[in-house]
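Notes follow the structure.
Each value in this text was obtained by applying a stated rule to the coordinates, not by laboratory testing. Please read these numbers as outputs of a predicted model, since none were measured by experiment. Positions of Cβ are generated from backbone atoms using ideal geometry, with glycine treated the same way; all protein chains shown enter the neighbour counts.
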Amino acid sequence: MSQSPANPLTSARAGQGRGPVSLELDWDALEVAVERNANDTESFLELTTGKVVTIAAGEVEAAARRQQIMTNLRDYLRVEPASSREQYRWMEKFVGSVSDETLRDRLIMSIDGKGAFRRFKDVLLGYPAERERWFSYRADLLHWHIHNWLLANDIASTAPAPWGDVSPPAELPVVPGKPVVHGAEAPGEALRRQARELIDGIPAIDLPSALAFLEFLKQRGADAMGRHRAGDDDASTAEEDDPRRAAS
C-alpha cells in the first residue's frame, strides 16, 4: 500500500503551470525565507501580492495557511532556501580565507559536528572585523541565491532590491596554511581520538573523577547552547543536523 507524501504542498508543486510574473516583492521577508533552513518551517511566495507566507509547525495558524495554499496552488511558489550543505560550504570557504592562524584554527574546530553554525558565529564574536567580513560575504551569497531563484522561476520585481544589483560573489582568497580539507579527519575528531587514548591510560581508580569532569564540560556546553537558542533570531542554520555529514 502506498504511503501519503510527507509534504503535500511540495508534492502538489505549488506555482506549477503559471507563466512569467511581475510583482512588488517583499524583499526583507524573502531574504529571511531564503536564509532560513529549518525542517519544521517552510515559506511560499504569494504570486499575486509579492508577500511571503511562512508555515511553522506548531503555530496556531499553520493549518489555515496550509489549507489556503493547497486551495490556490497556482498563486503560490515554494521558496527554496539555501541548503545546510550550501551554507556549510560557505563557512568552509570563509575559514580558508582567514589569515589569523589562531582564529583559523578555532574556526576549523568550530565547524566540526553538530551545532557548527552556532559555534562558528560564537568564535567570530571576539573578532569584529572578521565577523563583519563574514556577514558581508554571506549576504552577497544569499542575494545571489535569491537572484538565481527568481530568474529560474520567471519572477521579476517592480521595485529594485534594497541591496541593489547583484553579481556572482568574488571567490575568497585561499590563505596558505592549515587547509580546510573536506572528507579528511576533522580537527574535532582528532581531539576526541586523543581524549579516548588518554582515558585508556588513566588508572581505573581515577576514572570517576575524569568522567565527572567530562560530564561537567558536556553540561556546560548544553547550557550555553540553550541560552543561545533562547535568544537566537537567526533562523538559517538548521543546527540539529551535522553539517559535515550533510556536506558529504
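Quick notes on this one:
- Label-to-label distance, Ala62 versus Ala38, with points set 7 angstrom from Cα along the beta-carbon direction: 1.0 nm.
- Cβ-based exposure ranking for Ser136, Ser43, in which fewest neighbours within 10 Å come first: Ser136, Ser43
- Using R0 = 45 Å, the C-beta based FRET efficiency linking Trp163 and Asp206 works out to 0.20.
- Fewest-first ordering of Thr41, Thr49 by other beta carbons within 10 Å of each residue's beta carbon gives Thr49, Thr41.
- Taking 15 Å as the cut-off, no amide N atom of the stretch 105-125 comes nearer than this to a point 7 Å along the Cα-to-beta-carbon line of Gln219.
- Tensor-based shape of the stretch 12-78 (alpha-carbon gyration tensor, a/c under 1.5 rounded, otherwise prolate or oblate): oblate
- Ranked Leu142, Leu172, criterion: other C-beta atoms within 10 Å, fewest first: Leu172, Leu142
- Extension gain, Val175 back to Leu198 (0.36 nm per residue minus Cα-Cα distance, nm): 5.0 nm
- Radius 14 Å from Cβ of Leu151, net charge of other residues (Lys, Arg +1; Asp, Glu -1): -3
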